[in-house]
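Structure first, commentary second.
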2 protein chains.
Amino acid sequence: MPPLGPDTFGFLITDIARLLRRNFEREIERAGVPVTPAEARVLAHIARCDGIRQTVLADRMGMSPMSVTSFLDSLEAAGMITRGPDPQDRRAKRVTLTDTGTALLTPIAQAGQKVRATAMAGVAPSDQDAFHRAALALRDNLGSTSQPPAEGSSK
Amino acid sequence: MPPLGPDTFGFLITDIARLLRRNFEREIERAGVPVTPAEARVLAHIARCDGIRQTVLADRMGMSPMSVTSFLDSLEAAGMITRGPDPQDRRAKRVTLTDTGTALLTPIAQAGQKVRATAMAGVAPSDQDAFHRAALALRDNLGSTSQPPAEGSSK
DNA sequence: AGATTATACTAAGGTAGGCTTAATATATGC
DNA sequence: GCATATATTAAGCCTACCTTAGTATAATCT
């Protein structure tokens with residue numbers, strides 16, 4: 001059993017996530033995008049499946065429907081998304097991006113890309129690829145997001 | 001610019017971190033270890049450098065000294081650590097693990113190992129190695145923890 | 001038709017993991 | 001002496017979720 005320390009897998013990932021978040025927040029703010037990282041994530045998920053139902057979105061994001069509702073409330077109030085009726089199930093609502101929301105995707109992506117570039121500086125491309133492959137596997141293994149059929153990728 | 005989506009680097013890492021944390025929490029609870037993941041991390045850092053000063057610990061962990069104080073308060077109250085005077089600087093305190101705290105390291109490590117195994121299932125060993133290498137680089141690149149000279153490794 | 005389950009939401013409150021400003025007492029270094 | 005360092009207290013804030021409880025409405029199953 002190797003020594004428990006800062007480089008232990010779980011702590012390492014947690015560190016990275018925290019640092020990523022800090023950097024992302026900074027870049028997003030610089031870009032003048034008025035969302036939090038988690039909100040950005042919600043937007044990204046919606047962008048991936050525009051018109052998605054709230055419960056499906058929650059499932060995809062691996063969080064409770066109620067938490068999703070909170071995020072959607074904020075995003076809707078900010079004019080970034082709209083929620084409209086589902087013609088096939090009157091209980092449900094489908095979430096779509098507004099033009100305002102859609103316009104935010106590029107700066108968000110750019111901010112993310114910038115952070116990613118910083119993070120990956122000096123890492124061999126093959127290691128980067130391996131990292132991404134492993135990361136996808138990790139996420140799947142740890143259970144969660146049932147993705148729609150991969151429709152082209154990543155990054 | 002690739003499409004923004006759930007597999008975007010930053011969101012992917014965030015997802016993994018969140019899932020790791022959930023799994024870790026569950027395993028820790030199963031093991032009957034009364035700490036939160038963040039507390040476990042603090043313990044791990046202390047274990048790495050027993051007798052470390054609080055400010056150094058904060059720096060190592062990439063967080064503010066005051067936040068560290070909060071964590072240490074909890075851990076000390078739980079009898080897992082002690083804070084004693086630094087013979088070389090009377091302003092400072094050195095943090096050490098108690099026997100109680102030390103005894104928690106193994107179950108914590110085991111819990112972490114279990115989660116890691118789950119996460120890495122089916123990932124080629126070479127990809128695992130690459131992942132770890134890249135992860136270390138990522139953390140360094142994103143800035144933070146000045147590590148003591150690597151004194152043997154990891155995982 | 002009635003029972004059960006599903007969808008979105010409101011209300012309320014909580015945990016965890018930090019952060020910040022402000023200030024204090026004491027100690028160290030120049 | 002003055003500036004900086006160390007740990008701490010006080011207070012309040014933000015983000016990212018979670019949970020129980022309940023409601024109105026709708027869909028599905030028996």
Discussion item. Among A:Gly51, A:Gly122, A:Gly101, which one shows the highest mean-square fluctuation when chain A is modelled as a Gaussian network with alpha-carbon springs under 10 Å?
Written reply: A:Gly122
Fill in: Descending Cα extents along the principal axes, the stretch B:1-67, whole Å
48, 32, 19
Worksheet, complete the sentence: Toy charge model, Lys and Arg Cβ at +1, Asp and Glu Cβ at -1: chain B dipole around Cα centroid in debye, rounded to 20, equals 140 debye
Worksheet entry | Cβ-vector label at 7 Å, A:Arg30, separations to other copies in nm | 4.3
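For the stretch B:30-88, what class follows from the C-alpha gyration tensor (a ≥ b ≥ c being the square roots of its eigenvalues): rounded when a/c is under 1.5, otherwise prolate if a/b is larger than b/c, else oblate? Intermediate results must be reported in sequence, preceding the final value.
Numbers: a/c = 1.80, a/b = 1.47, b/c = 1.22.
Prolate, because a/c is 1.5 or more and a/b exceeds b/c.
If I take every Cα pair under 8 Å that is 6 or more residues apart in the stretch B:34-141, average their sequence separation and divide by the length, what percent do I get for the relative contact order? Let's see the in-between values first.
Numbers: 85 pairs, mean separation 24.9, N = 108.
Relative contact order, the stretch B:34-141: 23 percent.
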Response to the item:
Across A:119-132, the residue-averaged tally of Cβ atoms belonging to other chains within 10 Å stands at 6
Discussion item. With +1 on the Cβ of every Lys and Arg and -1 on the Cβ of every Asp and Glu, and nothing else charged, how large is the dipole of the protein assembly as shown about its Cα centre, in debye rounded to the nearest 20?
Written reply: 200 debye
Discussion item. Taking the square root of 5 times each eigenvalue of the Cα gyration tensor, what semi-axes in Å does the equivalent ellipsoid of chain B have, largest first?
Written reply: 30, 19, 15
Discussion item. Using +1 at the C-beta of Lys and Arg and -1 at the C-beta of Asp and Glu, which of A:Val56, A:Ala38, A:Phe131 has the Cα lying farthest in the positive direction of the dipole of the stretch A:9-141?
Written reply: A:Val56
Response to the item:
To the nearest 10 degrees, the tilt of helix B:37-48 (Cα long axis) against the first principal axis of the alpha carbons of chain B is 60 degrees
Item to complete: Assuming R0 = 41 Å, can you tell me the calculated FRET efficiency for the pair B:Ala103 and A:Glu29, based on Cβ-Cβ distance, to the nearest 0.05?
Response: 0.40
Discussion item. With N set to the number of residues, divide the alpha-carbon radius of gyration of the protein assembly as shown by 2.2 N^0.38 Å and report two decimals.
Written reply: 1.08
Discussion item. Going 7 Å from the Cα of B:Asp50 along its beta-carbon direction, which residues of the stretch B:101-136 have the amide nitrogen within less than 15 Å of the resulting point?
Written reply: B:101-106
Worksheet item: Roughly what angle does helix B:65-77 make with the longest principal axis of chain B, taking Cα atoms, 0 to 90 degrees, to the nearest 10?
Response: 70 degrees
Practice prompt. Working from Cα positions, state the angle (0 to 90°, nearest 10) between the long axis of helix A:125-141 and the longest principal axis of chain A.
Written response: 60 degrees
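Given a Förster distance of 41 Å, report the FRET efficiency between A:Thr36 and B:Asp86 from their Cβ-Cβ distance, rounded to the nearest 0.05.
Values: r = 39 Å, r/R0 = 0.96.
The value I calculate is 0.55.
We did not get these values from a lab; they are worked out from the coordinates using the rules stated. Just so it is clear, the structure is predicted and the values come from calculations on it, not from any experiment. Positions of Cβ are generated from backbone atoms using ideal geometry, with glycine treated the same way; all protein chains shown enter the neighbour counts.
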